[in-house]
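The values are calculated or read from the model by the stated rules, or taken from the named source; none is laboratory data. Here the structure is a predicted model, which means the values were calculated and not measured. Backbone-built Cβ (ideal geometry, glycine too); neighbour counts: all protein chains shown. The area values use the complete protein model at the heavy-atom level, side chains included, leaving out ligands, DNA and RNA. Shrake-Rupley method; radii C 1.70, N 1.55, O 1.52, S 1.80 Å.
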Amino acid sequence: MLYIKQLLQEGKTIEGEVTLQGWVRTFRSNRFIALNDGSTIHNLQVVVDFENTPEETLKRITTGAAIEVKGQVVESQGKGQNVELQASEVIILGDSNPEEYPIQPKKHSLEFLRENAHLRVRTNAFGAIMRVRSTLAYAIHKYFQDNGFFYVNTPIITGSDAEGAGEMFRVTTLDAKKPPLNENGEVDYKKDFFGRETNLTVSGQLEGETFAMALGKIYTFGPTFRAENSNTSRHLAEFWMIEPEMAFFDLIDNMNLAEDFIKSVLKYTLEVRRDDIEFLNARFLEEEKSKPQQERSSMSLIEKLEFVIHNDFKRVSYTEAIDILKNCNHNKKKKFQYLIDEWGVDLQSEHERYLVEKHFGCPVILYDYPAKIKAFYMRLNDDGKTVRAMDILFPGIGEIVGGSQREERYEVLKQKIADLGMDEQTLWWYLDLRKFGTATHSGFGLGFERLVLFATGMTNIRDVIPYPRTPQSAEF
C-alpha cells in the first residue's frame with residue numbers, strides 16, 4: 001500500500017496500479033474526491049469513473065468516510081496538483097453519515113473543535129499542528145542523544161514537591177468518604193497505598209539531578225501535573241516537560257545549552273515540516289488580519305521561527321530588566337495591569353512580552369532573580385539576595401524556559417529548606433547529593449506545549465495538545 005505523501009513526492013515515476021486508503025475530505029460533482037491519509041497536509045485528487053461506479057457506492061462517498069481506491073497515477077489536468085489518481089475501483093471501508101459528522105468542509109471555531117477533540121485532528125490545521133508536535137518531540141530526543149545526554153524516566157508519582165508551591169494532585173487509595181484517621185484526627189497516610197502522602201509530579205528535576213551526578217548529562221521528557229486553578233490560554237493541568245540536568249555546568253553553560261537547544265530543534269522542525277508550517281503560516285497571517293492594527297505581529301510565523309534560529313538571544317539581569325520596566329512609558333502611563341514600582345516583584349507575562357516584543361525585539365534570557373521569588377534549589381549568589389536563575393522569554397509566549405544553577409552546598413541548601421518551612425525528611429536523599437561528591441551543576445525545564453505553541457503560531461495552549469486537561473474539563 002502507498003501513502004499519499006510518498007505518491008506526491010514520487011509523482012509520475014510510479015507505474016502500474018496503486019492502492020491508497022484514507023478519508024474523504026470532499027467529494028464534488030460525483031467525480032472528484034479530495035483524499036487525505038494523515039501522512040501530509042496535502043490532499044490527493046482522486047478522479048472517479050462515475051459511469052462505471054455503482055450508484056450505491058457514489059452515495060456513500062461522503063465527507064469523513066474511510067475508503068480504499070485503486071487506480072493509475074496520471075498527470076493532473078487541474079490546478080493545484082501535479083498528479084492525480086484515476087480510480088478504477090472505490091471500496092467503502094467505513095461510512096460517515098453527513099447529517100451527523102461534525103467536521104464538515106467549512107471553517108469551524110476553535111472552541112467548537114475543542115468540544116470535538118476526538119475528531120479535530122482530521123482538519124487541516126490540527127493535522128498540521130500534531131505532525132509538527134511529533135517532529136518537535138523527535139528533534140528534542142535527537143538533539144540530546146546527539147550531544148551525549150542519557151534519557152531518564154523519572155517518577156510520575158512522588159512524595160516531594162519540587163516547586164514548593166503545593167499545587168499538586170493527590171494520589172491515594174484511601175476511602176474518600178471515610179478515610180482512616182490518626183490520633184490527632186488527621187488523615188492517616190501510613191495506611192495509604194504507599195504508606196505516605198503522595199502526589200502527581202510537577203517536575204522530574206530533583207530525581208533528574210541524582211542521575212546527572214552519576215551519568216554527567218541527562219534529560220527527562222514526560223508528563224507533569226499542576227493543580228493550579230488557572231483557566232487561561234497559557235495553562236494546562238497536564239502538560240509535558242523537557243528537563244535536562246548537567247553535572248559541572250554553571251549558569252553560563254546552562255544558558256548556552258538552552259539557547260543552542262531551542263535553535264536546533266526549531267531549525268530541524270522547520271526543515272522537516274516545511275509544508276505543514278507553511279500552511280500554519282498562511283493561517284497565522286489570516287488570523288492577524290482580524291486583529292487591530294496595533295496588535296498585529298510585525299513578522300509572519302516563518303519569519304519568527306527564522307529570527308529565533310538565526311539571532312543571538314539578549315542576556316539581561318533581572319535588576320536591569322526592572323529598571324527598564326520601571327522607567328518605560330508603558331509603566332508610567334499605567335498600561336500594565338501589574339505596575340512595576342520596586343525591585344523584587346515577580347514578573348508577569350505582560351512584562352516579559354514587553355521586554356521581548358517592545359524593548360529588545362528578540363528572545364531574552366533574564367538571569368539573577370531575587371531569591372524570594374524563586375525555588376529553594378537555586379544557587380544563592382554572593383550578594384545573599386539573588387539566585388543563579390535564568391528564564392528565556394519568547395515573543396507571543398513570555399517565559400518558555402526556566403532554569404538555574406543548582407545549590408550544591410549542603411549547609412546552604414539545608415538552611416533554605418528550613419527557612420521555607422519545608423519538610424527536610426522528605427528531601428533527605430536530595431540533600432545526600434550535597435554530602436557525597438557535590439559539584440557545580442545546572443539544568444532547566446521547557447514546557448513542551450509552549451514550544452509547540454510558538455512553532456505553530458497558535459494562541460491557545462489547549463490547541464497544541466491532543467486532549468487538554470484544564471479546570472472543569474476532562475471530557476475525553
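Determine which member of the set V69, V90 is in a strand (DSSP E or B), in contact with a helix residue (DSSP H, G or I) (Cβ under 8 Å, 6 or more places away or on another chain), at pLDDT 95 or above and among the aliphatic types (A, V, I, L, M).
V90
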For the stretch 257-302, which residues satisfy the criterion of being more than 22 Å from I365 (Cβ to Cβ), touching a helix residue (DSSP H, G or I) at 6+ places or on another chain (Cβ under 9 Å) and outside any helix (DSSP H, G or I)?
-> R273, R296, S300
Output the residues belonging to the stretch 424-459 that are surrounded by 13 or more Cβ atoms within 10 Å (Cβ to Cβ), assigned to a loop (DSSP other than H, G, I, E, B) and either among the aromatic types (F, W, Y) or at pLDDT below 95 (or both).
-> T459
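Looking only at residues that are over 30 Å from T438 (Cβ atoms) and free of Cβ contacts under 8 Å to residues at least 24 places away in the same chain in the stretch 257-286, which one is surrounded by the fewest Cβ atoms within 10 Å (Cβ to Cβ)?
The qualifying residue surrounded by the fewest Cβ atoms within 10 Å (Cβ to Cβ) is E286.
Hey, could you check the stretch 42-52 for residues that are out of contact with any Asp or Glu (no Cβ under 8 Å at 6 or more places or on another chain) and touching a residue at least 12 places away in the same chain (Cβ under 8 Å) and say which is nearest to P102 (Cα to Cα)?
Filtering first and then ranking leaves N43.
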Tell me, please, whether a residue that is in contact with a Ser or Thr (Cβ under 7 Å, 6 or more places away or on another chain), farther than 30 Å from E287 by Cα and buried (at least 22 other Cβ atoms within 10 Å of the Cβ) can be found in the stretch 405-420.
-> yes
Residues of the stretch 126-168 classified as of a type outside the set (D, E, K, R), farther than 19 Å from F448 by Cα and modelled with pLDDT of 95 or more, total | 3
Tell me which residues, restricted to the stretch 335-381, are touching a residue at least 40 places away in the same chain (Cβ under 8 Å), closer than 18 Å to F454 by Cβ and in a loop (DSSP other than H, G, I, E, B).
-> C362, P363
Pair list, Cβ < 7 Å and 6+ apart or interchain, from the stretch 1-22 residues that are touching a residue at least 24 places away in the same chain (Cβ under 8 Å) and more than 26 Å from G64 (Cβ to Cβ) to residues that are assigned to a helix (DSSP H, G or I) and open to solvent by less than 40 Å² (accessible area, probe 1.4 Å) = I14/L7
Does Q104 meet the test of being under 28 Å from D276 (Cβ atoms), open to solvent by 30 Å² or more (accessible area, probe 1.4 Å) and in contact (Cβ under 8 Å) with a residue 40 or more places away in the chain?
-> yes
Limited to the stretch 59-82, what total is found for residues that are among the hydrophobic types (A, V, I, L, M, F, W, C), surrounded by fewer than 17 Cβ atoms within 10 Å (Cβ to Cβ) and touching a residue at least 60 places away in the same chain (Cβ under 8 Å)?
-> 1
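Each row is one residue, and each column tells you yes or no for (1) among the hydrophobic types (A, V, I, L, M, F, W, C); (2) under 24 Å from the mean Cα position of the chain (by Cα); (3) loosely packed, with under 14 Cβ neighbours inside 10 Å.
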residue	(1), (2), (3)
S300	no, yes, no
K314	no, yes, no
Y318	no, no, no
C328	yes, no, no
Y354	no, yes, no
C362	yes, yes, no
Look through the stretch 177-203, keep the residues that are loosely packed, with under 11 Cβ neighbours inside 10 Å and touching a Phe, Trp or Tyr at 6+ places or on another chain (Cβ under 8 Å), and return whichever of them is nearest to F448 (Cα to Cα).
-> R196
Looking only at the stretch 231-256, and only at residues there that are in contact (Cβ under 8 Å) with a residue 40 or more places away in the chain and either assigned to a helix (DSSP H, G or I) or among the polar types (S, T, N, Q) (or both), the one that is most open to solvent (accessible area, probe 1.4 Å) | N231
Filtered residue count, the stretch 204-224, keeping only those that are surrounded by fewer than 21 Cβ atoms within 10 Å (Cβ to Cβ) and either within 17 Å of A258 (Cα to Cα) or within 20 Å of the chain's Cα centre (by Cα) (or both) = 5
Among the residues of the stretch 21-45 satisfying the criterion of being closer than 21 Å to M130 by Cβ and of a type in the set (A, V, I, L, M, F, W, C), which is most open to solvent (accessible area, probe 1.4 Å)?
-> W23
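When the stretch 1-32 is examined, which residues are found to be more than 34 Å from the chain's Cα centre (by Cα), among the aliphatic types (A, V, I, L, M) and in a strand (DSSP E or B)?
First, the residues of the stretch 1-32 that are more than 34 Å from the chain's Cα centre (by Cα): 11-19, 27-32.
Within this subset, residues satisfying the condition of being among the aliphatic types (A, V, I, L, M) are 14, 18.
Hit for the stretch 1-32 is V18, nothing else.
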Could you pull out the residue among T62, T19, T57, T26 that is modelled with pLDDT of 95 or more and touching a Gly at 6+ places or on another chain (Cβ under 9 Å)?
-> T19
Unique residue being more than 27 Å from E197 (Cβ to Cβ), open to solvent by less than 50 Å² (accessible area, probe 1.4 Å) and not polar (S, T, N, Q) when the list is Y377, Y369 | Y369
How many residues of the stretch 75-86 are part of a strand (DSSP E or B) and either touching a Ser or Thr at 6+ places or on another chain (Cβ under 8 Å) or over 15 Å from I33 (Cα atoms) (or both)? The answer is 3
The correct count of residues that are more than 11 Å from the chain's Cα centre (by Cα) and among the β-branched types (V, I, T) in the stretch 436-468 is 3
